[in-house]
1. For Gly46, list long-range residues whose amide hydrogen, built 1.01 Å from N in the peptide plane, is under 5 Å from its own amide hydrogen.
2. Enter the Cα centre distance for the pair the stretch 197-246 and the stretch 1-41, rounded to the nearest angstrom.
3. Quick one: give the max-minus-min coordinate of the C-alpha atoms of the chain along each principal axis, largest first, in Å.
4. Any chance you could get the radius of gyration and Dmax over the Cα atoms of the stretch 123-214, in Å?
5. Run through the DSSP bridge list for the stretch 286-469 and note the antiparallel percent, rounded to the nearest 5.
6. Convert each backbone phi in the stretch 125-131 into a coupling constant with the Karplus relation 6.51 cos²θ - 1.76 cosθ + 1.60 (shift: θ = phi - 60°), then list the ³J(HN,Hα) values in order as whole Hz, x for Gly and Pro.
7. For Val410, which sequence-distant residues (separation of 5 or more, or a different chain) have an amide H within less than 5 Å of its own amide H, given hydrogens modelled in the peptide plane?
8. Whole Å is fine, so just give me how far the alpha carbon centre of the stretch 154-180 lies from that of the stretch 101-135.
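Just so it is clear, none of the values below were taken in a lab; they were calculated from the coordinates. Just so we're clear, the structure is a prediction, and the values are computed from it rather than from any experiment. Don't worry about glycine lacking a Cβ; one is built from the backbone with ideal geometry, like all the others, and counts go over all protein chains shown.
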Amino acid sequence: MPVYRRVGIGLLMQESNSFAPHPTTWEDFAVQGVRVGVAAPLTVDGTEWGGMVYGCHEAGLVPVPLVRAWALAGGPVTPDVVARLATALAQGLDDAGPLDGLLLALHGAMIASDDTDPEVAFLQMVRNRWPRIPLGITCDLHAHLHPTKLRLADFCIAYQTYPHDDTYATGCRAAATMARVLNGEVRPVMAHRHRPILFPPDISGTAAPGCLAPIANWARAREKEAGVLHISYCPVQPWLDVPNTGSSVVVVTDGDWMRAEALAAEGAALLEAQRPAVRARQALSLDALPGLLQSARPPIVLGDIGDGTAGGGSGDHTGILTVLLAHPLSCPAYVPLVDAAGVRRTWPLTVGAIVDLTVGATLDPRWSSPVRIHGRVVARGDGPYILEGPYLRGHRMTVGRWVRVAVGTVHVLLTERAGLTSDPAFFTMTGATLGEAGVIVVKSPLLFRRAFSDIARTVAVVDTLGPTASRFAALPFRRISRPMFPLDDDWKDQS
Ligand SMILES: [Zn+2]
């Protein structure tokens, strides 16, 4: 008789940002859909969940849904969120019945207002129930990894790419490794190295010229060697103001702890070697933007570094919009802007109506000022959009109601909630024709690059300040351990 091994799969994911203006509440999870137990469909989408489901089937394992809960990046989650997620996971475990293994997709950088790492509590709960069950975790490349968390898992696998185009593949890899563990083929051991370095996301891509390219190339080469299962390099999400934050390398080998340790040290040295690239970082200022608009080939895709909604920005920074209104192009410019009050005011109007509004900087007035617009309602709608990927392809994203207001050629895409504008699906939802655009503004420092590679003739990122700023010195860090590069350049080599 065949043996059907049952593997529980769960996804509990939110990326927290200490500098975001508001906490992340249960509503932020609920609006995107929280599913527990069999209510979580075993859909093969482009997320880790989908990869785990497919990977389990491929390996002859039976995936058992536990819980699926995801919220957009934002402020630290409330204690209520932590309690509800723990309850949902416990319910999923109760409903699952006997399990042979467990795979959990975590972001890896969730913090709570009263806890620097609530993911530890989720893992501890699993361990309290099943001290010895094989437990694999997957996480974002921007995870905050530390020994307290890692020792609760048998193996940890992070995304290999930034922009993240391997969310699905990460889930597949985790399921394949779980199968090998359950078959007795491998016995994972993990080593971890921490470095007090924060990498500005706009320059830390994993493909050249990104400053993570050397370590990504090194890791892929090392993983071809016998006994090396996974190498993860995580430049932490740099806006966590918690004491033990920093970049890390995690190496999983088949039973060879010494080798894992040696490789982790090698990887950490490669992270350190990128400090000159961080020091040399250059980015386009808002003052220099008009010059770029005049000279660059459209469509120009502009990343708004400081207001990245995939990292905790509120999506209502008006800096780039202000420049575009003052320097309009002949082709349309599409500018997303979160402004719930603006949507509420324009929603009752018919398409074609003329509106006079003051928009932006409503959620986070610290970094930009509201802007007055006089334009025409050209489209509006309500409903989720489905991400085209490669990041989270197939994921359903809700931004509430939206209204597109045209101010000359500048189209302001007002939404009630923040969403992922790093995916073209956001714009096509509003009827925007991206191929004919002059400018497309995305609230993202780098994640958008792969998704817009077929559309953009010019790509630039604008060095705005906000919760996801790359100029870390502008942010009010208070709790992180110092020295921390590049905030402190007296950092000593620790390898
Ligand atoms: Zn990330």
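1. For Gly46, whose amide H was placed from the backbone, the distant partners under 5 Å are Arg393, Gly394, His395.
2. 25 Å
3. Extents along the principal axes: 69, 51, 40 Å.
4. 15.0, 46
5. Restricted to the stretch 286-469, the bridges split so that about 55 percent are antiparallel.
6. 3J(HN,Hα) across the stretch 125-131, in whole Hz: 4, 4, 5, 5, 7, 10, x.
7. For Val410, whose amide H was placed from the backbone, the distant partners under 5 Å are Ala333.
8. Here the two parts' Cα centres lie 17 Å apart.
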